[in-house]
Amino acid sequence: MNLKKLLFTLCMVLPYVLISQVTFNNANSRVDNTMLNSGCAIGVADMNGDGLDDLVRLRNARYLEVEYQSTTPGGDFTRLNYGSITGSGSEWGMVIADVNEDGYNDIIVGGSYNYLKLLTAKNNGTDYDETILSSPQIFLQNANFADIDNNGTIDFFGCNDVGVSSAYSNNGSGSFTYNNSGLINATSTIPSDNSGNYGSIWVDYDNDGDQDLYISKCRLGVYNQYDGRRVNQLFQNDGNGNFTDVGVAAGLVPYAQSWSANFEDIDNDGDLDCVLINHDVSSIIYENNGNGTFTDITASSGIATQLSNLGAGGIQVIMEDFDNDTFVDLFITSRYTSNKHVLFKNNGNKTFSVMPTPFPAGSLSIQSAAVGDLNNDGFIDVIAGFGTGYNSPSNNPDILYLNNGNSNNWSEITLQGVASNRNGIGARIELHGVWGKQIREVRSGESYGTMNSLMSHFGLGTATSITKIVVIWPSGAVDEIYNPNINESFVIVEGSQPLNTESFSAENFSIYPNPTSNYITVNTKNIEDVSYKLYDITGKLVKQQSVLSNSKNQIDLSHFSNGLYFIHLTSNKESYVHKIIKK
């Protein structure tokens, strides 16, 4: 790069990545129960459908309390004291989604052989009916809601500490049936008793438009690093509901006692990178190479020493843009007081810096946390728990830490699926602007035992406009919103802003075979002079031509990589966008 180009690049980028210190204030006086003490499981979600993030907590890891954010800016929270969850002992995992699609989010919790409990919202999200899911009983660690079979309804996946993890199908009305054989049978590639499943996350790591599964494996007392009980797994989805463990080939198996993982795009290059918490070796930052493999960049990250010093203390890894500078930061919680929780600022060049004292002086080490916008000001806040050991509550009450913010701009987006699941879980959101492109995925259940907001948050830096928002739904539908307002929270309904403003009628075209391994045929039904553009999942134009007709209608895809593509057909005033799967 010559000097002129370098100076131009710096002028364009520096305004959006200015170094900014993140600080939080103790706002616990705003919550109703200031003495509530959680264990590990803790959640943030909009529970009453008013568009605001609420607090979902288990007092003493057993008694459900929901605190609703006030619609009045700066107002106090109001509380539902539901009471004791069925069973005994601690609940270790919590996950939240609208499983019966009535507009109000529901909850599943579970713990040590303590049944899986579904709490279905009633009374506009201000009370719950409790149901125990059918066998088998499991020792639940992390939990996820995901549309595993992509049929438009939310399924459940529970990490089992002592055996194979459990998958449950949703019948569409919020009733769940155990269905490992029909959804995913996440057994060990190396023969074992299938135990050691701790952290789980559903993520489209290979940009092919479907949800894959990564499991962090840890089995205390097992010291053979090649034992199947402690070898992490990456289950690649082929788009037809078939899952294959490709963890070793992808480079995401460190042969360590791994606790939890998270995936976000740390360098805004359009694919999802990984941060993995380990307990017997250093925690790791992996860069996505864009071809289904990852490279360990911990040594050059600028925080290798801090990641190594976490030792066996690391619990949660949360990746959010806390300072709204367009790059996701890292927040890692710890059960140790000597090596406390730490917030790392993303410098925008694949390196990170420690943010000194982001929380008030004298704060205890945060053992567990969930995040969301808990005062609706466009900055990500933290509800912090101070448990003991790995999962048990302590005598130290939770604390609501509100982000003090800065002058950077922001955008917050909540999805409402129609053909896809109601929450849009599994959707990818792209935010385009002078910064390039940021991406987020909507997830339910991350890291280890916690639930972060279903709202997708983006920092804009000092940028004063957004070029467009693109939503790629699990159904394959695509919505585009041009020039939306900044510093606003809004809802995007599936199909409300389609990529195609006008479209051919179903009688006028067909595309087959789909999925395909070589060619697709576009039948234009007597429409001549049809042109097309082919885009990959990142929005990159990979092929275009203007010669489609009834006699010349085949497109060769044999030399393209497997994955998800979108074909955009146009003819005079008509256009259409269709999803193509290359296998």
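The values are calculated or read from the model by the stated rules, or taken from the named source; none is laboratory data. For clarity, every value in this text was computed on a predicted model and none was experimentally measured. Here the Cβ positions follow ideal geometry from the backbone for every residue, glycine too, while neighbour counts run over all protein chains shown. Heads up: the accessible areas ignore ligands, DNA and RNA and are worked out on the full protein's heavy atoms, side chains in. Shrake-Rupley method; radii C 1.70, N 1.55, O 1.52, S 1.80 Å.
Only residues that are within 23 Å of Ser334 (Cβ to Cβ) and open to solvent by 10 Å² or more (accessible area, probe 1.4 Å) were counted across the range 271-285, and they come to 5. The condition of being out of contact with any Cys (no Cβ under 8 Å at 6 or more places or on another chain) and not in a loop (DSSP other than H, G, I, E, B) holds for only one of Ser216, Ser173, Ser195, Ser200, that being Ser216.
Residue-by-condition table, conditions (1) at pLDDT below 95; (2) under 28 Å from Asp267 (Cβ atoms); (3) open to solvent by 10 Å² or more (accessible area, probe 1.4 Å); (4) not aliphatic (A, V, I, L, M):
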| residue | (1), (2), (3), (4) |
| --- | --- |
| Asn288 | no, yes, no, yes |
| Ser301 | no, yes, no, yes |
| Leu307 | no, yes, no, no |
| Val317 | no, yes, no, no |
| Ser338 | yes, no, yes, yes |
| Gly378 | no, yes, no, yes |
| Ile383 | no, no, no, no |
| Ser392 | yes, no, yes, yes |
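The set of residues in the range 538-565 that are at pLDDT 80 or above, assigned to a loop (DSSP other than H, G, I, E, B) and under 27 Å from the mean Cα position of the chain (by Cα) comprises Ser561, Asn562. Just wondering, is there one or more residues in the range 271-279 that are polar (S, T, N, Q) and either part of a loop (DSSP other than H, G, I, E, B) or on the phi > 0 side of the Ramachandran plot (or both)? No, because not a single residue in the range 271-279 is polar (S, T, N, Q) and either part of a loop (DSSP other than H, G, I, E, B) or on the phi > 0 side of the Ramachandran plot (or both). Among residues of the range 64-93 being out of contact with any Lys or Arg (no Cβ under 9 Å at 6 or more places or on another chain) and part of a strand (DSSP E or B), the one that is nearest to Asn396 (Cα to Cα) is Trp92.
Among residues belonging to the range 492-512 that are surrounded by 12 or more Cβ atoms within 10 Å (Cβ to Cβ) and at pLDDT 75 or above, point out the one that is farthest from the chain's Cα centre (by Cα). The selected residue is Ser510.
Looking only at residues in the range 128-139 that are free of Cβ contacts under 8 Å to residues at least 60 places away in the same chain and in contact with a Ser or Thr (Cβ under 8 Å, 6 or more places away or on another chain), which one is surrounded by the most Cβ atoms within 10 Å (Cβ to Cβ)? Per the criteria, the residue is Ile138. Within the range 289-305, the set of residues being part of a helix (DSSP H, G or I) and of a type in the set (S, T, N, Q) comprises Thr298, Ser300, Thr305. Note on the range 290-299: among residues that are under 24 Å from the mean Cα position of the chain (by Cα) and open to solvent by 30 Å² or more (accessible area, probe 1.4 Å), the one that is nearest to Gly247 (Cα to Cα) is Thr293. The single condition among (1) open to solvent by 40 Å² or more (accessible area, probe 1.4 Å); (2) touching a strand residue (DSSP E or B) at 6+ places or on another chain (Cβ under 8 Å); (3) at pLDDT 95 or above that Asp106 does not satisfy is (1).
Considering (1) open to solvent by less than 30 Å² (accessible area, probe 1.4 Å); (2) touching a Phe, Trp or Tyr at 6+ places or on another chain (Cβ under 7 Å), the lone condition that Trp435 does not fulfil carries the number (1). Each residue in the range 203-241 was checked for being surrounded by fewer than 20 Cβ atoms within 10 Å (Cβ to Cβ) and hydroxyl-bearing (Ser, Thr, Tyr), and 2 of them qualify. Taking the criterion of being surrounded by fewer than 22 Cβ atoms within 10 Å (Cβ to Cβ), in a loop (DSSP other than H, G, I, E, B) and not aliphatic (A, V, I, L, M), the residues of the range 440-480 that qualify are Thr462, Thr464, Ser465, Thr467, Ser475, Gly476.
Take the residues in the range 11-32 that are open to solvent by less than 60 Å² (accessible area, probe 1.4 Å) and modelled with pLDDT of 50 or more; name whichever of them is farthest from Tyr82 (Cα to Cα). Here the residue is Ser20. Just one residue in the set Gly372, Gly348, Gly405, Gly362 is closer than 17 Å to Phe24 by Cβ, open to solvent by 10 Å² or more (accessible area, probe 1.4 Å), small (Gly, Ala, Ser) and modelled with pLDDT of 95 or more; that residue is Gly405. All conditions in (1) among the small types (Gly, Ala, Ser); (2) closer than 22 Å to Gly270 by Cα; (3) touching a His at 6+ places or on another chain (Cβ under 6 Å) hold for Gly348, with the sole exception of (3). Contact map, the range 296-321: first residue on the phi > 0 side of the Ramachandran plot, second residue of a type outside the set (Gly, Ala, Ser) and open to solvent by less than 10 Å² (accessible area, probe 1.4 Å), Cβ cut-off under 9 Å, separation 6 or more or different chains; pairs are Gly302/Phe344; Gly302/Phe352. Tallying residues that are among the hydrophobic types (A, V, I, L, M, F, W, C) and in contact with a helix residue (DSSP H, G or I) (Cβ under 6 Å, 6 or more places away or on another chain) within the range 175-217 yields 1.
Residue count for the range 306-342 under the criterion of being more than 17 Å from Asp273 (Cβ to Cβ) and either part of a helix (DSSP H, G or I) or of a type in the set (S, T, N, Q) (or both): the result is 13. Candidates in the range 566-583 are the residues that are among the basic types (Lys, Arg) and either at pLDDT below 70 or outside any strand (DSSP E or B) (or both); of these, the one that is surrounded by the fewest Cβ atoms within 10 Å (Cβ to Cβ) is Lys573. Out of Leu415, Leu402, one residue alone is within 22 Å of the chain's Cα centre (by Cα), under 30 Å from Ala477 (Cα atoms) and either of a type in the set (S, T, N, Q) or part of a strand (DSSP E or B) (or both). It is Leu415. Scanning the range 343-351 turns up one or more residues that are outside any strand (DSSP E or B) and within 21 Å of the chain's Cα centre (by Cα). Scanning the range 141-181 for residues that are open to solvent by less than 10 Å² (accessible area, probe 1.4 Å) and among the aromatic types (Phe, Trp, Tyr) gives Phe145, Phe156, Phe157, Tyr168. A count restricted to the range 80-103 and to residues that are open to solvent by 60 Å² or more (accessible area, probe 1.4 Å) and under 27 Å from the mean Cα position of the chain (by Cα) stands at 2.
For the range 109-146, a residue qualifies if it is of a type in the set (A, V, I, L, M) and in a loop (DSSP other than H, G, I, E, B), and the qualifying residues are Leu116, Leu133, Ile138.
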